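First comes the structure, then the notes that go with it.
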Amino acid sequence: MGSRLPSMLKDAGLTAFVAAALGIFVVGFRTVDQGRGLTFDYHLVDLAVAVVTIFFGRLGLSLAAEGLRWPAMTLGAVMIAVGASPLQLPSGFLHWFVALGGVLLVLRGAWPWANDAVTAAAKSPSGVVLGRAGAKWSGWLLLAGAVAMPFTPFADQKTMDLGVLILTYVMLGWGLNIVVGLAGLLDLGYVAFYAVGAYSYALLSTQHGLGFWAVLPLAGMMAALFGLVLGFPVLRLRGDYLAIVTLGFGEIIRLVLLNWFDLTNGPAGIGSIPGPTLFGAVFAETAPAGKQTVSEMLGIPFNGIHRLIFLYYIILFLALITNLFTQRMRRLPVGRAWEALREDETACRALGINPTNTKLTAFAVGAMFAGFAGSFFAAKQRFISPESFVFIESAIILAIVVLGGMGSQIGVVLAAVLLIGLPEWFRDLGNYRMLAFGLAMVLIMVFRPRGLVAHREPSLRLHPVRPTGGG
Amino acid sequence: MAYFSQQLINAITLGAIYGLIAIGYTMVYGIIGMINFAHGEVFMIGAFISLIGFMICSMLGIGSAPVAILLVLLLAMAFSAVYGWAVERTAYRPLRGSFRLAPLISAIGVSIALQNYVQLVQGARPKPGGQVVSGGFNLFSVDGFDVRVTWLQIIIVVVTVVLMAGFTWLIARTSLGRQQRACEQDMKMAALLGVNVDRTISLTVVLGAALDAVAGMLFLMYYGVIDFFIGFLAGIKAFTAAVLGGIGSLPGAMLGGLLIGLIEVFWAAYFSSEYKDVAAFAILVLVLIFRPSGLLGKPEIEKV
């Protein structure tokens, strides 16, 4: 192995050199505005520390790839120690950078063992049984947990808020999964339909006094209509053209919302949107004239969290409908046609499937669920503005679907918890969050392009293969 | 008439910048059939490197504008090219042979990461700078309305035309251009005939990134202010330009850039400036519907 060392060092040196070239201007010279034009704030020492870290990190990774686990892990441990030490590195971020690099190396070194252990466990008799049971029951377990959540002691304001947020993204993920996962159409403007639903509810409720439950189906239909109008001309296009057109469409919707003052009140948004009601009763401490509050109706003392719990169950219900609908659609001819189209469009055409109409149904159905979620969002926030419907939202929903494993329903749940739940706990990390988010998208594509729960098996096979263990 | 001529001059300048970015899209799409979504961010980074380069030049006491522009141009091209190379190597190359949408999703990830990286290291506030060329002359005047051409506008158009000519020559005459065209037609066959496909793709992305940096520098000089978010809109518009002109075609990219510049400027001048971006996107949708192969592109034949 000693003979490989020079080439590894050369490789690590090259990586460090590239990193230095990348960082020298953008990182090394920070421009700051001090009233009389821009001046420099030099960060060259920071850059040097980062480059040295990258050198050792790359070296450790190549050591691990050569099978030299112990040296790689030792290197990682040293880096963790340096990062955690009271040594005065130029910035707090660098401490994290060095330490996280070390953690990465240790994990990379230990990875083969962990992998072997997991594979062995899955192959053992009890592991096979457990895997099958897991595949069959994990969804139900999750559902039971979600239903019981508001009654557990953890259910305070913060957790319930987070629960509602995660479930909203689960629903959006399931909706987009119909378009991306099943029909294989890359939709980068999904948030536009979400916006259509949200503005439908906001306008109909504040200007025409319609209630949440009356508007919900209307908002869904409205979003589906937008989906049809947009989809009809563009769904004949190739996949990546479609991606760009939907992206452009998303931006058009946002710009129209931003500039059409008479209808949408522009960037100021629409406020005081009424929340959803329970059999006509409102969630508030005192009811408006002619209405009843929920606490009066049920004869329980008022508590602000009741509203949150109610919202939680609404979004859970909506999300489950989305899921059930998708599961049933997959058994119908049109659902089978979606999956067939995803696999091979030319073959579908030859078999007499009309690709445009089939894609259009998937597109419109996906849009409809975004519309539902959008009107829920408006009812929950009670205030909406175009700020909430930017491209990054579409990218996050897409990332949930992709990370979950396109076409997998349970994967979407896991991914939503990971991508929405975790960052929400680390709110104070600010912009580092989105940086990590972007990098994670790349890493998932490179190392696990099929997602967490790989599921691109067609729902139906002509000659069924016998199920094997694992899950 | 005078107003119209003035807007025409502005539109051509803007169109030249879009055209430069569009070339990068069109070349990469031509070879690997993927939308290099991070292209717009490289443009933004090129603009930032130019800003820093101009500041360093003024610190070093380089007073002569042509020297400063040339130095900064080379600097921005070289260092943005490294970004192009690194992105291709880490985010696109491992995905060759993965499923169809994988590179696009990865590219979106790169784009988000680069945007936030620049926001983190350079701050979110708009940065003014890069105004090294000022002045101009009156072309003619009608009814007291002067039609003005600035020296900067002339520089932008000249730089664009020179680079266009250079690239056309590169694609048509050099061995690299031949390899690129071979990869574009049939990657597998090209590899069998001894073309280093990975290297060709890498070089294409790098060249695109270098042009991007030029566009970034010109953008900085023209508008005088940049921030970390300029890459997104410019990228989408330039992609629109590439599609409009016919993806895979160099003159098409330039033509598309000019058309997008014209549409945007005239829409803002005669209708409303709020909806100028809507107009550009609407054009993209219309072109894709009625002429998916673009104005100068060849219709695509799907092989099974």
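Quick note: the coordinates plus some simple rules give every number you see, no bench work behind them. Everything numeric here is computed off the predicted structure, so don't read it as measured data. Here the Cβ positions follow ideal geometry from the backbone for every residue, glycine too, while neighbour counts run over all protein chains shown.
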| field | Local electrostatic count, B:ASP227, Cβ distance below 15 Å [Lys/Arg +1, Asp/Glu -1] | value | +1
| said: Tell me the angle of helix B:39-59 to the major Cα principal axis of chain B, expressed in degrees between 0 and 90 and rounded to the nearest ten. | reply: 50
| request: For the range A:206-266, just say rounded, prolate or oblate: build the C-alpha gyration tensor, square-root its eigenvalues into a ≥ b ≥ c, call rounded for a/c under 1.5, and beyond that prolate if a/b exceeds b/c, oblate if not. | output: oblate
| message | Relative contact order for the range A:2-110: what percent, with Cα pairs under 8 Å and sequence separation of 6 or more? | response | 25
| Chain lengthening between A:LEU143 and A:VAL78 when straightened (0.36 nm per residue, less Cα-Cα) | 19.0 nm
| said: I want to verify the translational diffusion coefficient of the range B:1-52 in µm²/s; compute it with Stokes-Einstein, Rh as the Kirkwood radius over Cα pairs, at 37 °C and 0.692 mPa s. | reply: 255
| For the range B:152-220, what ratio Rg/Rh do Cα atoms give with a Kirkwood hydrodynamic radius? | 1.10
| said: I want the antiparallel fraction of DSSP beta bridges within the protein assembly as shown, as a percent rounded to 5. | reply: 90
| Under a no-solvent Debye model with one identical scatterer per Cα of the protein assembly as shown, what's log10 I(q)/I(0) at q = 0.08, 0.11 Å⁻¹? | -0.75, -1.39
| field | Rough spin-label spacing in nm, given labels placed 7 Å along Cα→Cβ, for A:LEU5 and A:LEU228 | value | 7.2
| What span do the alpha-carbon atoms of the range B:110-268 cover on each of the three principal axes, reported in whole Å from largest to smallest? | 65, 41, 28
| query | Roughly how many nanometres apart are two label points built 7 Å out from the Cα toward the Cβ at A:ASN431 and A:LEU87? | reply | 2.7
| Using alpha carbons only, how many degrees (0 to 90, rounded to 10) separate the axis of helix B:197-223 from the longest principal axis of chain B? | 10
| By the gyration tensor of its Cα atoms, with a ≥ b ≥ c the square roots of the eigenvalues, what is the shape of the range B:108-169: rounded for a/c under 1.5, prolate for a/b over b/c, or oblate? | oblate
| task | Determine the shape class of the range A:100-242: with a ≥ b ≥ c the square roots of the Cα gyration tensor eigenvalues, call it rounded for a/c under 1.5, and otherwise prolate if a/b is greater than b/c, oblate otherwise. | result | prolate
| said: Averaging over every viewing direction, what projected area does the convex hull of the Cα atoms of the range A:149-447 cover, in nm²? | reply: 16.9
| said: How tilted is helix A:125-148 with respect to the longest principal axis of chain A? Cα atoms for both, answer in degrees (0 to 90, nearest 10). | reply: 50
| said: Please compute, for peptide B:283-291, the average count of beta-carbon atoms on other protein chains lying within 10 Å of each residue's beta-carbon. | reply: 4
| query | Mind checking the alpha-carbon convex hull of the range B:178-304 and giving the volume per residue in Å³? | reply | 134
| task | Output the direction-averaged projected area (hull surface divided by four) of the convex hull of the alpha-carbon atoms of the range A:2-110, in nm². | result | 7.4
| field | Near-label residues of the range A:401-417 by backbone N, under 20 Å of a point 7 Å along Cα→Cβ of A:LYS158 | value | A:417
| request: Scan chain B and hand back the longest stretch that contains none of the trypsin sites (Lys or Arg not before Pro) lying in DSSP loops with at most 15 other Cβ atoms within 10 Å. | output: B:101-302
| request: List the residues of the range B:65-84 whose backbone N lies under 15 Å from a point placed 7 Å from the Cα of A:TYR42 along the Cα-to-Cβ direction. | output: none
| remark: the range A:292-443: spread of alpha-carbon positions along the three principal axes, whole Å, largest first, is 64, 43, 29
| Spacing of the two label points (7 Å from each Cα toward its C-beta) at B:PHE4 and B:LEU170, in nm | 3.8
| query | Where does chain B land on Rg/Rh, using Cα atoms and the Kirkwood Rh? | reply | 0.98
